[in-house]
Amino acid sequence: MVDATTEPQFLRASAAAKAGLHGAVIFPILLDTEALGVIELFSRAPREPDPKQLATLSAIGSQIGQYIKRQRAEVAVRASEERWRRLFETSAAGMALTRLDGVFTAANPALQRMFGRTEEEIVGRSALELNLEDERAGTAEALAKFRSGLLTERQTEKKYLRKDGTPVWLNITTTLVPATETAACFLQAIYMDVTERVQFEAALRASEERWRCMFEIAPVGIVTFDFERRKYLTANESFQRMTGYTEAELRNLTPLELTHEDDRAAMQERIDGGTVGVLQRKRYRRKDGEVVWADVTSFVIPATDSTPAFRGAVIVDITDRKRAEEALQQAQADLARLNRVMLLGEMTASIAHEVNQPIAATVTNAHAGLRWLGARSPDLEEVRQALGRIVRDGSRAGEVIGRIRAHVKRMPPRRELLDINEAIREVIALTQTEVQRNGVRLQTPLGDDLPFVPADRVQLQQVIMNLVVNAVEAMSAIGDRSRELTIASGRDDANAVFVEVQDTGPGLDPAKIDRLFQSFFTTKPEGIGMGLAISRSIAEAHGGRLSAAPNPPRGAVFRLTLPVGEKSFDAPQPARA
């Protein structure tokens, strides 16, 4: 402007006039096409424009703009570098920069902690030096690929040793950073400490291996099967040997199909009811048709994020034990039968008398009948009565022999709902001659309307007979007082009945009471000590108990207690005597 004070578009003309400024040169400071500002130069005298001077000042304005641009760029670079430096220094992930030959040029504090080394102990060293021996070849090959351009990024997981020798597992992502105008290309690596995860996975694998070994070599059968198809999923070697099927064959079978035909209904009921955690005794049918007895405990494995719920079972083969139990039961039954035979042997005279009486009466009545028939006028009514007496006495003899045969006959135990008083009366009928022959007075205060007991009649009568014979023999040497035998029955409580056999014999030695029921312990000169032992085992097999105690003032009392029958017991109801 020639004169700024007269230029109508100059907004500060009045201010220039007050200052006495007239001539003016104004030029912009440009950053590329952006105007950052202007520079104003004034003179006190009006001046004509000088094109050369204006060109020079315009160039100066552009240079100032370029200078400001560089300053801004430098500030931005410094800010960016500061941000990246702070990120590098404070990152929880390990970070490192290396040359293409693998030599570290920078390592942040997190990586230093991971390696257990200072920055000075890392920077300047090759990554190959920090690798374990078996990892170096793979690392060297990767560096060669980075240098040749065949590789721009690599992720790997490897084990390092800290300076103190402790292991650390790191997940490493290495990226090739291309060269710029001012910097050569280099490698940037991010390290994540995955030691805990690797150790957890290793522990998990070890745990799985231990359980797998236990599953495979366990001496009991272990199986799993799914809920939907209810087919086997896995089966260990023991179960395969137990059933004769391979694991592949078992995967096409269900537990119900392997179950013995007679046990399938109960098995189906347990499956439908979801019964678990309860010991179940059942039979399997082997592939070859043989029967296997087993104790089975099933359980449920809950679902996880990766696996559905399934059922498992532990199966213990008890076939040998079951056979041994059956053999033992047979031996006990044979021993009990021998005891019954010996008891009857001790009562030979009494039994002979019981049989001879009806036989003698039969002969007498037969002779009487013959006499009536041989008379000149046969009295048919007398003959009919004589024949009736023969039938009665014959039946009486048959009953005695039948009771004896029941005690001698070899047959398996058979439970039925039993009238305890009827059983007592039958024993009394067998032993009454022996009781009378020894001068014993018998009393039988039997309870009324006693509930039935589920028992084997012969076995229960064997116990009562043992106690009666023992009581009679115990009183055989008593001469200074009366010999009294009491057989009583009654309710023990709402769920049990009792039978008591009391005598007035010499009583029990307190020091020997605990040994009375031991096998082969006897107080009889000619006894073998098995009667009371067998009697107690029979009582316990029936869910009852047999005990002994003194019977003040003299004698002993033996008490047999038995549980009463349940309403659901489906045996036929016997008639009361």
Within region 157-204, tally of residues that are of a type in the set (Lys, Arg) and either touching a strand residue (DSSP E or B) at 6+ places or on another chain (Cβ under 7 Å) or surrounded by 14 or more Cβ atoms within 10 Å (Cβ to Cβ) (or both) = 3
Of everything in region 425-481 that's modelled with pLDDT under 80 and β-branched (Val, Ile, Thr), which residue is farthest from the chain's Cα centre (by Cα)?
-> 433
When every residue in region 533-546 that is surrounded by 16 or more Cβ atoms within 10 Å (Cβ to Cβ) and either part of a loop (DSSP other than H, G, I, E, B) or out of contact with any helix residue (DSSP H, G or I) (no Cβ under 7 Å at 6 or more places or on another chain) (or both) is compared, the one modelled with the highest pLDDT is 544
Residue 153 versus (1) closer than 23 Å to residue 195 by Cβ; (2) of a type outside the set (Ser, Thr, Tyr); (3) in contact with a strand residue (DSSP E or B) (Cβ under 7 Å, 6 or more places away or on another chain); (4) surrounded by fewer than 16 Cβ atoms within 10 Å (Cβ to Cβ): which is the lone unmet condition?
-> (1)
Of the residues that make up region 239-260, is at least one assigned by TED's automatic domain parsing to the domain that holds residue 297, under 20 Å from the mean Cα position of the chain (by Cα), surrounded by 14 or more Cβ atoms within 10 Å (Cβ to Cβ) and over 19 Å from residue 291 (Cα atoms)?
-> no
Residue 516 meets each of (1) touching a helix residue (DSSP H, G or I) at 6+ places or on another chain (Cβ under 6 Å); (2) more than 21 Å from residue 454 (Cβ to Cβ); (3) at pLDDT 80 or above with one exception, condition (3)
Which of the residues belonging to region 78-102 are of a type in the set (A, V, I, L, M, F, W, C), within 20 Å of residue 128 (Cβ to Cβ) and surrounded by fewer than 16 Cβ atoms within 10 Å (Cβ to Cβ)?
-> 100
Sole exception among (1) in a helix (DSSP H, G or I); (2) modelled with pLDDT of 85 or more; (3) out of contact with any Phe, Trp or Tyr (no Cβ under 8 Å at 6 or more places or on another chain) for residue 82, by number = (2)
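Listed here are the residues, each with its yes/no results for (1) of a type in the set (D, E, K, R); (2) in contact with a Gly (Cβ under 7 Å, 6 or more places away or on another chain).
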| site | (1), (2) |
| --- | --- |
| 8 | no, no |
| 41 | no, no |
| 45 | no, yes |
| 51 | no, no |
| 56 | no, no |
| 73 | no, no |
| 80 | no, no |
| 83 | yes, no |
| 87 | no, no |
Say whether the condition of being of a type in the set (A, V, I, L, M, F, W, C) and either in contact with a Phe, Trp or Tyr (Cβ under 9 Å, 6 or more places away or on another chain) or not in a helix (DSSP H, G or I) (or both) is met by at least one residue in region 254-271.
-> yes
Considering only residues of region 103-123 that are closer than 17 Å to residue 167 by Cβ and crowded, with 20+ Cβ neighbours inside 10 Å, which is nearest to the chain's Cα centre (by Cα)?
-> 114
Of the numbered conditions (1) in contact (Cβ under 8 Å) with a residue 24 or more places away in the chain; (2) under 22 Å from residue 301 (Cβ atoms), residue 193 satisfies every one except a single condition; which is it?
-> (2)
Members of region 191-212 found to be among the basic types (Lys, Arg) and in contact with a Leu (Cβ under 7 Å, 6 or more places away or on another chain), listed by number = none
Quick check: is even one residue across region 89-104 out of contact with any strand residue (DSSP E or B) (no Cβ under 6 Å at 6 or more places or on another chain), among the acidic types (Asp, Glu) and either on the phi > 0 side of the Ramachandran plot or in a loop (DSSP other than H, G, I, E, B) (or both)?
-> yes
If we scan region 261-271, do we find a residue that is loosely packed, with under 11 Cβ neighbours inside 10 Å and either in contact with an Asp or Glu (Cβ under 6 Å, 6 or more places away or on another chain) or among the β-branched types (Val, Ile, Thr) (or both)?
-> no
From the options 62, 58, residue that is among the hydroxyl-bearing types (Ser, Thr, Tyr) and loosely packed, with under 14 Cβ neighbours inside 10 Å | 58
Test set (1) of a type in the set (A, V, I, L, M, F, W, C); (2) in contact with a helix residue (DSSP H, G or I) (Cβ under 9 Å, 6 or more places away or on another chain); (3) closer than 21 Å to residue 280 by Cβ; (4) touching a residue at least 40 places away in the same chain (Cβ under 8 Å) - residue 227 fails condition number = (2)
Of the conditions (1) under 19 Å from residue 225 (Cα atoms); (2) at pLDDT below 90; (3) not hydrophobic (A, V, I, L, M, F, W, C), residue 325 fails just one. Which one is it?
-> (1)
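The values are calculated or read from the model by the stated rules, or taken from the named source; none is laboratory data. Quick caveat, the model's predicted, so the values are computed rather than measured. Heads up, the Cβs are rebuilt from the backbone with ideal geometry, glycines too, and the neighbour counts pull from every protein chain shown.
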